[in-house]
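S.K.: One structure, as structure tokens, below. Some questions next.
The values are calculated or read from the model by the stated rules, or taken from the named source; none is laboratory data. A quick note: this is a predicted structure, and the numbers were derived from the prediction, not measured. With ideal geometry, Cβ positions are generated from the backbone for all residues, glycine too; neighbour counts draw on all protein chains shown. Side chains included, ligands, DNA and RNA excluded: accessible areas come from the protein's heavy atoms. Shrake-Rupley method; radii C 1.70, N 1.55, O 1.52, S 1.80 Å.
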Amino acid sequence: MPWDDQFETMPVDKLKEFQLKKLKETLEWVYEKLPFYRKKFDERGIKPANIKHLEDIRKLPMTVKNDLRDNYPFGLCAVPMDKVVRVHASSGTTGKPITGPYTAEDLDQWTECMARNLWAAGVRPTDIVQNAYGHGLFTGGLGFHQGACRLGCTVVPTSSGMTERQITLMKDFGSTALFCTPSYALTIAERAEEMKVDVRNLPMRVGVFGAEPWSIAMRDEIEVRMGIKAMEAYGLTELGGPGVSFDCEAQDGLHINEDHYLAEIVDPVTLEPVPMGESGELIFTAIQRRAMPMIRYRTKDISRLRREKCACGRTFIKMDKITGRSDDMLIISGVNVFPSQIEALLLDVEEVLPQYVLVIRKKGYLDSLTVRVEAKPEVYALGTEKRSEVEKKIAAHIQGMMGIGVKVDILAPKTIARSEGKALRVIDERPKG
Ligand code: ADP
Ligand code: ZN
């Protein structure tokens with residue numbers, strides 16, 4: 001049974017009817033309250049009343065991150081500040097942070113979306129949840145906190161960092177669920193092994209991970225090393241934070257909370273819709289939020305949409321695991337490459353640790369890619385000959401699977417900084433300008 005039986009299993013035609021109603025209300029709302037949208041709609045000669053079907057959404061202009069930056073901090077806030085009860089801000093991975101204001105009702109809806117997410121992941125009121133997402137402006141910490149509170153879990157708000165203490169508390173409190181980024185989960189797993197704590201023998205049984213791209217291979221790695229189910233959450237500050245979409249027990253794509261978010265996929269270059277099931281950029285419209293509704297927000301996240309019957313019984317459309325952000329996409333020898341694809345291939349190689357960073361440089365007119373990856377201590381100890389053998393083996397594996405030539409540098413264990421939040425995967429050494 002899902003958390004919300006009314007919406008999560010609603011027949012698709014009913015769901016679409018509901019979406020259209022909420023979309024229309026939201027369009028009236030932004031047109032009336034926000035000069036930013038009114039101007040953009042007027043320029044296209046569109047009035048909210050012109051939107052009669054869900055497909056008509058394509059007539060509306062898109063919104064991009066720079067629109068939020070240009071209107072920093074509260075230019076896209078549609079309610080007076082005395083109606084704003086919370087403000088979050090993005091972690092600023094790709095530049096100046098953007099803000100996210102909430103009314104009391106927005107907060108309530110967000111909490112509900114997170115409750116669905118956690119419930120679908122198998123979290124229950126009896127769980128002791130250790131919430132190791134950063135608490136503060138970042139939406140991860142408080143978003144998960146609220147959702148777990150609504151479920152009635154025992155919440156331990158550790159926030160991120162102080163990894164040894166995380167492990168001690170995990171052991172002492174008998175935490176059964178862990179919330180953090182996948183890269184931090186890996187950091188915790190590694191530190192626990194060093195502390196001779198076997199997480200597989202602790203009560204810990206489920207993790208809800210998100211906020212950064214991670215491969216299925218990484219999910220498997222975390223599941224095996226920690227002896228838990230690794231479930232997923234997806235969201236972004238611009239849309240209110242995590243809880244936009246979530247894993248169910250099928251672990252086969254993330255259900256989008258469709259009564260709150262209208263999803264589209266477009267070609268990132270032409271911005272034209274791509275056929276259902278094809279890969280492209282996710283565009284979301286937040287159809288219930290009031291402080292900062294978003295019309296056709298370009299996420300830069302690359303995925304695929306699938307409308308299909310799911311074993312869990314939910315009718316919400318599914319999106320594939322994010323392959324990456326279009327910002328992080330590298331073009332090597334004419335091939336589009338996302339860090340998560342390289343990650344998956346590195347996890348096939350038994351001599352190395354899943355700790356890597358990709359360095360991109362300019363070589364003539366072309367970009368070149370160097371994969372830096374840490375060797376396992378026992379492999380590193382075998383000396384330079386063994387290391388160069390592993391380097392060649394990885395380069396050949398990547399060449400074979402992706403058809404691109406890369407340079408591989410084997411590093412000593414522990415040379416790459418361990419992540420406590422969103423991992424840094426790409427270092428761009430190309431000349432600027
Ligand atoms: P920032 O853009 O500063 O990182 P946010 O903290 O709002 O801001 O992060 C939102 C972004 O994080 C998303 O657009 C997406 O790129 C990434 N993200 C969030 N959840 C996931 C997930 N489950 N898988 C892949 N990427 C994710
Ligand atoms: Zn499902």
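S.K.: What whole-number distance in Å separates the alpha-carbon centres of the stretch 327-404 and the stretch 172-251?
M.R.: 24 Å
S.K.: Shifting gears a bit: Under 10 Å from the Cβ of A78, count the other residues' Cβ atoms, weight Lys and Arg +1, Asp and Glu -1, and hand me the total.
M.R.: Residues near A78 contribute +3 overall.
S.K.: List the residues, sorted by chain then number, that are 5 or more residues from G241 or on another chain and whose placed amide H is less than 5 Å from its amide H.
M.R.: L236
S.K.: Let me make sure I get this right: for the stretch 1-326, a, b and c are the square roots of the gyration tensor eigenvalues over alpha carbons, sorted descending. Under 1.5 in a/c it's rounded, otherwise prolate if a/b > b/c, else oblate. Which is it?
M.R.: Prolate, because a/c is 1.5 or more and a/b exceeds b/c.
S.K.: Moving on to the next point. How do 269-282, 204-217 rank on mean C-beta neighbours within 10 Å, highest first?
M.R.: Highest-to-lowest ranking by the protection proxy: 204-217, 269-282.
S.K.: In addition: Counting only heavy atoms of protein chains, what accessible area per residue, in Å², does the chain have with a probe of 1.4 Å?
M.R.: 42 Å²
S.K.: Same structure again: Among the listed pairs K47/K309; K40/K83; K33/K321, which have their C-alpha atoms separated by more than 32 angstrom in this model? Display every interim value, and only then the final one.
M.R.: Details: K47/K309 36 Å; K40/K83 25 Å; K33/K321 35 Å.
Correct reply: K47/K309; K33/K321.
S.K.: Please find the FRET efficiency linking T168 to K39, where r is the Cβ-Cβ separation and R0 is fixed at 60 Å, and quote it to the nearest 0.05.
M.R.: E(calc), rounded to 0.05, equals 0.65.
S.K.: Among DSSP beta bridges lying fully in the chain, give the percent that are antiparallel, nearest 5.
M.R.: That works out to approximately 60 percent antiparallel.
S.K.: Let me ask something additional. Can you list the aspartates and glutamates whose alpha carbon sits under 14 Å from that of K432, skipping same-chain ones fewer than 8 residues off?
M.R.: Once the sequence-local aspartates and glutamates are set aside, what remains near K432 is D367.
S.K.: Please check which bits of the stretch 410-433 a label hung off L366 would reach, taking the label as a point 7 Å along Cα-to-C-beta and the cut-off as backbone N under 17 Å.
M.R.: The answer is 430, whose backbone nitrogens lie closer than 17 Å to the label point.
S.K.: Is there a quick way to get the dipole size of the stretch 302-378? I mean about its Cα centre, with the Cβ of Lys and Arg at +1 and of Asp and Glu at -1; what is the value in debye to the nearest 20?
M.R.: Its charge dipole is roughly 580 debye.
S.K.: Considering the Cα positions of the stretch 27-90, please state its Rg to one decimal place and its Dmax as a whole number of Å.
M.R.: Over the stretch 27-90's Cα set, Rg and Dmax evaluate to 13.2, 35 Å.
S.K.: Could you work out Rg/(2.2 N^0.38 Å) for the stretch 330-428, with Rg from alpha carbons only?
M.R.: It is 1.04.
S.K.: What relative contact order, as a whole-number percentage, does the chain give when Cα pairs under 8 Å and 6 or more residues apart are counted?
M.R.: About 14 percent, as a whole number.
S.K.: Separate question: Please give the peptides 333-346, 241-254 ranked by average Cβ packing (other Cβ atoms within 10 Å per residue), highest first, as a rough proxy for protection. Intermediate values should be presented prior to the final figure.
M.R.: Working: 333-346: 18.9, 241-254: 23.1.
Most protected by this proxy first, the peptides run 241-254, 333-346.
S.K.: Go ahead and run the numbers for FRET between E25 and E55, Cβ-Cβ distance against an R0 of 25 Å, rounding to 0.05. Could the numbers behind the result be given before it?
M.R.: On the way: r = 18 Å, r/R0 = 0.72.
In this case the efficiency is close to 0.90.
S.K.: Here's another thing I want to ask about it. Can you work out ³J(HN,Hα) from phi for every residue in the stretch 401-411, in order, using Karplus 6.51 cos²θ - 1.76 cosθ + 1.60 and θ = phi - 60°, giving whole Hz and x for Gly and Pro?
M.R.: Computed from phi, the couplings for the stretch 401-411 are 8, 10, x, 10, x, 10, 9, 10, 10, 7, 10 Hz.
S.K.: In deg cm²/dmol, rounded to 500, what helix-only [θ] at 222 nm does the chain give when every DSSP H run of at least 4 residues adds -39500 (n - 2.57) and the total is split over its residues? All intermediate terms of the calculation are to be shown ahead of the outcome.
M.R.: Working: 12 runs with 137 residues, N = 433.
After summing the helix terms and dividing by the residues of the chain, the value is -9500 deg cm²/dmol.
S.K.: Another one. Dipole magnitude of the chain about its Cα centre, charges +1 at Lys/Arg Cβ and -1 at Asp/Glu Cβ only, in debye to the nearest 20?
M.R.: 860 debye
S.K.: Same structure again: By how many nm would the segment from K96 to D348 lengthen if fully extended, with 0.36 nm per residue of separation less the alpha-carbon distance?
M.R.: On the way: separation 252, 0.36 × 252 = 90.72 nm, distance 3.64 nm.
Gain in length upon complete extension: 87.1 nm.
S.K.: Given 0.36 nm per residue, what is the gain on full extension from E272 to A417 after removing their alpha carbon distance, in nm?
M.R.: Gain in length upon complete extension: 48.2 nm.
S.K.: Would you compute, for the Cα atoms of the stretch 246-287, the largest minus smallest coordinate along each principal axis and list the three values in descending order, in whole Å?
M.R.: On the principal axes, the stretch 246-287 reaches 35, 24, 12 Å in Cα extent.
S.K.: Near V208, within a Cβ-to-Cβ distance under 15 Å, what is the net charge of the other residues, with Lys and Arg +1 and Asp and Glu -1? Can you show the working numbers first?
M.R.: Details: positive: R116, R124, R150, R205, R219, K229, K321; negative: D127, E212, E223, E232, D247, E249.
Residues close to V208 contribute a combined charge of +1.
S.K.: So which aspartates and glutamates pass the test for K171, namely a Cα distance under 12 Å, with those fewer than 8 places away in the same chain ruled out?
M.R.: K171 reaches D198.
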